[in-house]
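Shown next, in structure tokens, is the structure this report addresses.
The values are calculated or read from the model by the stated rules, or taken from the named source; none is laboratory data. Predicted, not measured: the structure shown is a model, and the values here were computed from it. Cβ coordinates were reconstructed from backbone atoms using ideal geometry, including for glycine residues, and neighbour counts include every protein chain displayed.
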Amino acid sequence: MRKKQPLGQNFLTDLNIASEIVEQAHIQPEGRVVEIGPGKGILTQLLLDRAGSLLAVEVDPRLCGMLRRQFGKNPKFELVEANAMTYDYSGAGSRYQVVSNLPYYAAMPIMKRLIHYKAHIIDMTLMLQKEVVDRLVAQPETRAYGSLSVFTQFHCQVERLLEVGKESFFPRPKVQSSVVRLTPLEQPPVSVDNLKTFHHVVNTAFFHKRKMLRNNLKGLNKPYQIDVKKIEDAGIQLDRRGETLTLEEFATLANLIEANHD
């Protein structure tokens, strides 16, 4: 009978890559680390060697049993059997670093949830699908630039660290992977008057990537009023596409729309 792979996860098997990820993570001596989805523990031992304490968050009960047998006697090791997409990261500690080979199927919701808890997080070293990292680091007027780029760069400093080939995993995935460091910013790089409006405007601007802002912004909820003259007086022509706007221009656009909000 074929053994079922837990939750479709691709396990990192290359010890050299694991060592490089931990090296790039710059683990603080005696600091706390949260590892999400430790799997079979290839990163876990390396992290325990450097950190003061480690909290592992793993949803699969079979893997939890394996991890307890392997690391349970280490006083620095703590395991929580929980879903990383719903876990309350405020309970993981006051300040900690995150290191994770995030499962592809859950990477975006987990990453966005971590950003929600950014007051607790020093930085995040995450291995993700290469295509996702392309989007995180993308700049305006590039194909990969979109709402995810703007969202992430608004909340974090983003730094691409390492490329990881398919051969470094079992089972072998169909895609390449990359490692990225996200460092939460104490203050966003731009000033917005209403965070909800800002994210709403950004998402709407990219709703149909090939459409002009003038058409996409019609999708905003009715209470928002679009004052074309004020927007264009601010230097943002509505015949542009969302992918051409910088973070600063999105902030300006959102603030102008918020000012007209009924």
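Structure values in brief
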item: Selected residue (criterion: surrounded by the most Cβ atoms within 10 Å (Cβ to Cβ)) from residues of region 159-171 that are modelled with pLDDT of 95 or more and either β-branched (Val, Ile, Thr) or in a loop (DSSP other than H, G, I, E, B) (or both); result: VAL164
item: Tally of residues being part of a helix (DSSP H, G or I) and either surrounded by fewer than 18 Cβ atoms within 10 Å (Cβ to Cβ) or assigned by TED's automatic domain parsing to the domain that holds VAL150 (or both) across region 207-246; result: 10
item: Single residue of VAL201, VAL190 found to be of a type outside the set (Gly, Ala, Ser), surrounded by 17 or more Cβ atoms within 10 Å (Cβ to Cβ), modelled with pLDDT of 95 or more and under 30 Å from VAL99 (Cβ atoms); result: VAL190
item: Residues of region 108-140 satisfying the condition of being surrounded by fewer than 20 Cβ atoms within 10 Å (Cβ to Cβ), more than 17 Å from SER90 (Cα to Cα) and touching a Lys or Arg at 6+ places or on another chain (Cβ under 8 Å); result: VAL137
item: Which listed residue, of TYR96, TYR89, TYR105, TYR145, is at pLDDT below 95 and on the phi < 0 side of the Ramachandran plot; result: TYR105
item: Residue pairs meeting the criteria (Cβ under 7 Å; at least 6 apart or on separate chains; first outside the structural domain of ILE36 (by TED's automatic domain parsing) and of a type outside the set (A, V, I, L, M, F, W, C), in region 108-120; second at pLDDT 95 or above and crowded, with 18+ Cβ neighbours inside 10 Å); result: none
item: Residue among VAL190, VAL201, VAL180 that alone is touching a Ser or Thr at 6+ places or on another chain (Cβ under 9 Å) and outside the structural domain of VAL158 (by TED's automatic domain parsing); result: VAL190
item: Output for region 22-47, where each listed residue is under 15 Å from VAL98 (Cβ atoms) and touching a Phe, Trp or Tyr at 6+ places or on another chain (Cβ under 8 Å); result: GLY31, ARG32, VAL33, VAL34, THR44
item: Only one of THR244, THR183 that is under 21 Å from the mean Cα position of the chain (by Cα) and modelled with pLDDT of 95 or more; result: THR183
item: Candidate set: region 248-262, residues that are farther than 19 Å from LYS222 by Cβ and either modelled with pLDDT under 95 or of a type outside the set (Phe, Trp, Tyr) (or both); chosen: the one surrounded by the fewest Cβ atoms within 10 Å (Cβ to Cβ); result: GLU248
item: Region 76-88 - residue that is touching a helix residue (DSSP H, G or I) at 6+ places or on another chain (Cβ under 6 Å) and of a type outside the set (A, V, I, L, M) and, of those, surrounded by the most Cβ atoms within 10 Å (Cβ to Cβ); result: PHE77
item: Residue under evaluation ALA56, criteria (1) at negative phi; (2) surrounded by fewer than 21 Cβ atoms within 10 Å (Cβ to Cβ), criterion not met; result: (2)
item: Residue within region 119-139 that is among the charged types (D, E, K, R) and farther than 25 Å from GLN9 by Cβ present; result: no
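To keep it simple, each residue is scored yes or no on (1) part of a loop (DSSP other than H, G, I, E, B); (2) in contact with a Leu (Cβ under 7 Å, 6 or more places away or on another chain); (3) more than 21 Å from GLU131 (Cβ to Cβ).
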| position | (1), (2), (3) |
| --- | --- |
| LEU55 | no, no, yes |
| GLY65 | no, no, yes |
| ALA107 | no, yes, no |
| ILE115 | no, no, no |
